[in-house]
1. May I ask you to verify whether Val4 is of a type in the set (Val, Ile, Thr), modelled with pLDDT of 95 or more and surrounded by fewer than 13 Cβ atoms within 10 Å (Cβ to Cβ)?
2. Whether any residue in region 7-21 is closer than 19 Å to Lys124 by Cα and either at pLDDT 95 or above or not hydrophobic (A, V, I, L, M, F, W, C) (or both) is what I want to check.
3. Does Gly198 count as in a loop (DSSP other than H, G, I, E, B), over 15 Å from the mean Cα position of the chain (by Cα) and at negative phi?
4. In region 74-89, how many are within 16 Å of the chain's Cα centre (by Cα) and either under 11 Å from Ala49 (Cα atoms) or among the acidic types (Asp, Glu) (or both)?
5. Out of Phe75, Phe10, which single residue is farther than 29 Å from Ser200 by Cβ and touching a helix residue (DSSP H, G or I) at 6+ places or on another chain (Cβ under 8 Å)?
6. Which members of region 134-155 meet the condition of being under 30 Å from Ser92 (Cβ atoms), of a type in the set (Ser, Thr, Tyr) and open to solvent by less than 50 Å² (accessible area, probe 1.4 Å)?
7. Looking only at region 1-11, decide whether some residue is in contact (Cβ under 8 Å) with a residue 24 or more places away in the chain, among the aromatic types (Phe, Trp, Tyr), under 29 Å from Lys132 (Cα atoms) and assigned to a loop (DSSP other than H, G, I, E, B).
8. Need at least 2 residues that are among the aromatic types (Phe, Trp, Tyr) per element, so show me which helices (runs of 4 or more DSSP H) inside region 42-147 make the cut, counting only ones lying wholly within it.
Amino acid sequence: RWLVRMSECFSDNKNIVLGYGKYEMHNTFLNSLIRFETMHTAIQYFSYALAGIPYMGVGRNLAYKKELFYLNNGFSKHYNIPSGDDDLFINSVANAQNTTICLHHEAHTISSPPKTWSTWFKQKLRHVSTGKYYKIKHKLLLSSYHFFNISFWGTFIALCVLSNNLYLILSLFLIKSVLYMYLMYKNTKIFNEKKLFGLSVFYEPLLTMTIGTIYIFKLFLKTTKWK
């Protein structure tokens, strides 16, 4: 039913449909973290698209009209990079008027996930490499999100060590966690990833640390190979 559900979202002015590309579920910690990161990324790019600021799509689940592709010379602007041409094509041509999303469960695609930490790490390095070609406003929005997320956890740890009012700090952290869990409960239903809900409050800081490490590691690499 993928083709039916995705094509239902097209209209005269909607030329791009963003879908959710999930990964197969395996009984490993790495797999659950990868699926959480995939859902977390989807929440971001779907939310921005709904807000009228589409900035990316994943090649695992993406549709656009042939006329739009040829009118913008396809992937010709991105022949010089090893990966991310589908993502960058959306970044260059998507806008509030021509882009919509498809959340129907029958439109979800399921792909084989990375099986090892090194494979996933290399995949994320490629994604980071692609992100530097985004429009400036999109890079600022995404960078600010990561900056404030890292700042929150850094400030929380520092206050736990230095502050005398530990109860107030923990109360504020509890409020933040409850709100976050509520949002994740809603989103795990939308993306049909309910088994990720229980551990999402633990995965958030772990993912923040992991993505931060990848960004730092990328600073010392000159190139990113596809394999």
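1. Taking the combined requirement at face value, the residue satisfies it.
2. There is at least one residue in region 7-21 that is closer than 19 Å to Lys124 by Cα and either at pLDDT 95 or above or not hydrophobic (A, V, I, L, M, F, W, C) (or both).
3. On the way: in a loop (DSSP other than H, G, I, E, B): yes; over 15 Å from the mean Cα position of the chain (by Cα): yes; at negative phi: yes.
When the stated conditions are applied, Gly198 passes them.
4. Residues that pass the stated criteria total 2.
5. On the way: Phe10 fails: touching a helix residue (DSSP H, G or I) at 6+ places or on another chain (Cβ under 8 Å).
Going through Phe75, Phe10 in turn, the sole match is Phe75.
6. Restricting attention to region 134-155, the residues satisfying the condition of being under 30 Å from Ser92 (Cβ atoms) are 134-150.
This time we only want the ones that are of a type in the set (Ser, Thr, Tyr), so: 134, 143-145.
If the condition is that a residue be under 30 Å from Ser92 (Cβ atoms), of a type in the set (Ser, Thr, Tyr) and open to solvent by less than 50 Å² (accessible area, probe 1.4 Å), then Tyr134, Ser144 are the ones that fit.
7. No, there is no match, as no residue in region 1-11 is in contact (Cβ under 8 Å) with a residue 24 or more places away in the chain, among the aromatic types (Phe, Trp, Tyr), under 29 Å from Lys132 (Cα atoms) and assigned to a loop (DSSP other than H, G, I, E, B).
8. 66-71, 117-131
The values are calculated or read from the model by the stated rules, or taken from the named source; none is laboratory data. Note that this is a predicted model, so its numbers are computed, not measured. All Cβ positions, even for glycine, are placed from backbone atoms using ideal geometry, and neighbour counts span all protein chains on display. The accessibility values were calculated without ligands, DNA or RNA, using every heavy atom of the protein model including side chains. Shrake-Rupley method; radii C 1.70, N 1.55, O 1.52, S 1.80 Å.
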